[in-house]
């Protein structure tokens, strides 16, 4: 019997045919895709920065970070802006690109598959018949910072 995670709401989005999720409490807003200002000499997955009401936010392309085929921007492409609490207690705003957004709701916890690369995955969830990869934004942020400092 699978554990129902109804006490936590998740924000789901698509990259290709795969559904991903983050805890809804981290999502601050969803923006239509807009021009991203590239920053020279950064990692390929660092698409650049955007200005949101005077705050500069770094935008990451999870497709590149996760090794997923790159696809052109479409009308449903969005930038999800999340606020992540760092180890030192401070908060960091981070944007990431999604092919489309699904919505908010509870997930049912699924047992993790063995042999699967779960570096950035906190857990597997299920929304109806659809498997959902719940991302660990703190691990992603940690990996991005590690790569930037190397």
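The values are calculated or read from the model by the stated rules, or taken from the named source; none is laboratory data. Model, not experiment: these values are computed from the prediction. Here the Cβ positions follow ideal geometry from the backbone for every residue, glycine too, while neighbour counts run over all protein chains shown.
Okay, here's what the table says:
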quantity: Members of the stretch 52-76 that are loosely packed, with under 13 Cβ neighbours inside 10 Å and in contact with a helix residue (DSSP H, G or I) (Cβ under 8 Å, 6 or more places away or on another chain); calculated: 69, 70, 71
quantity: Strands (runs of 3 or more DSSP E) (entirely within the stretch 10-73) containing at least 2 residues that are closer than 15 Å to residue 140 by Cα and without any contact (Cβ under 8 Å) to a residue 40 or more places away in the chain; calculated: 55-60
quantity: Failed condition for residue 89, given (1) at pLDDT below 95; (2) out of contact with any helix residue (DSSP H, G or I) (no Cβ under 7 Å at 6 or more places or on another chain); (3) part of a strand (DSSP E or B); calculated: (3)
quantity: Residues satisfying the stated conditions in the stretch 107-144, i.e. on the phi < 0 side of the Ramachandran plot and modelled with pLDDT under 75; calculated: 112, 113, 114, 116, 117, 118
quantity: Unique residue being in contact with a helix residue (DSSP H, G or I) (Cβ under 8 Å, 6 or more places away or on another chain), under 14 Å from residue 13 (Cβ atoms) and crowded, with 16+ Cβ neighbours inside 10 Å when the list is 79, 97, 84; calculated: 97
